[in-house]
Amino acid sequence: MKKLVLIGYMGAGKSTVGQALSERMQVSFRDTDCWIEEKQGRCISDIFAEDGEDYFRKLETDCLKELLEQKENGVISAGGGLPLREENQELLRKMAYTVYLQVSKETVLERLKGDSSRPLLQVADRETRIAEMIQVRHPIYLEAADTAVEVDGREVEEIVKEILDLFLNGGFGKK
Ligand code: S3P
């Protein structure tokens, strides 16, 4: 393996699971949202407000390319919308082993209660927004991923173990 990328909807636990996984595997951990915020010197909400979503999506592609090209083994947590771009899907297929963390609307609502850092969820009817987005994105996530793992009601350690078991069974060796 070189790069293991976690994808999935906001609140799926990509960063938490990714961090734990990287520690267990003793490889580096990177988060595309953090990378972008560091490079830009501003938070994602400000990037969306000042330059728009399309601009942010271009930054995500730049980020993904740069992280995937780094030589060492590593785990990457990808922003929830990153797999939507065809170009990014291509990069993931070619250069990473991609795991989709599958989460329900109910879990997202609960986990992101009071969160104001996700611009796409700053709407009056958050529940409907999340339901609609998951419905549209779920098949895209499935298509972009090599494997999918359910996260609802599960501890981080259990999810990490499932991914590690897949790894030990040779699933990661193919790229
Ligand atoms: C987004 C997910 C966010 C962040 C941005 C847009 C999305 O990342 O990239 O707010 O379109 O799903 P997380 O999935 O890490 O919350």
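Nothing in this text is a laboratory measurement; each read-out follows from the coordinates by a stated rule. Not measured: the values here are computed from a predicted model. Positions of Cβ are backbone-derived with ideal geometry, glycine not excepted, and every protein chain shown enters the neighbour counts.
For the reader, a short list of remarks on this structure follows.
Okay, residues lined up against (1) in contact with a helix residue (DSSP H, G or I) (Cβ under 8 Å, 6 or more places away or on another chain); (2) among the small types (Gly, Ala, Ser); (3) in contact (Cβ under 8 Å) with a residue 24 or more places away in the chain:
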| residue | (1), (2), (3) |
| --- | --- |
| Ala96 | yes, yes, yes |
| Gln102 | yes, no, yes |
| Ser116 | yes, yes, yes |
| Thr128 | no, no, no |
| Ala131 | yes, yes, yes |
| Ala148 | yes, yes, yes |
| Asp152 | yes, no, yes |
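- In the stretch 9-25, the residues that are among the hydroxyl-bearing types (Ser, Thr, Tyr) form Cβ pairs under 6 Å with partners that are not in a helix (DSSP H, G or I), at six or more places apart or across chains, as follows: Tyr9/Gly80; Tyr9/Val103; Ser15/Asp31; Ser15/Ser77; Ser22/Phe29; Ser22/Val75.
- Residues in the stretch 107-129 that are hydrophobic (A, V, I, L, M, F, W, C), over 15 Å from Ile7 (Cα atoms) and either near the ligand (Cβ under 10 Å from one of its atoms) or in contact with a Gly (Cβ under 7 Å, 6 or more places away or on another chain) (or both): Leu112, Leu120, Leu121.
- Answer residue from the stretch 3-34, given it is within 11 Å of the ligand (Cβ to nearest atom) and aliphatic (A, V, I, L, M) and is nearest to Glu69 (Cα to Cα) among those: Leu6
- When residues of the stretch 1-56 are limited to those that are among the β-branched types (Val, Ile, Thr) and in a helix (DSSP H, G or I), the one nearest to Thr147 (Cα to Cα): Val17
- Test: residue in the stretch 47-70 that is surrounded by fewer than 21 Cβ atoms within 10 Å (Cβ to Cβ), in contact with a Pro (Cβ under 9 Å, 6 or more places away or on another chain), among the small types (Gly, Ala, Ser) and farther than 28 Å from Arg154 by Cα: yes
- Selection from the stretch 35-46 of residues that are free of Cβ contacts under 8 Å to residues at least 60 places away in the same chain and either touching a His at 6+ places or on another chain (Cβ under 6 Å) or near the ligand (Cβ under 9 Å from one of its atoms) (or both): Ile36
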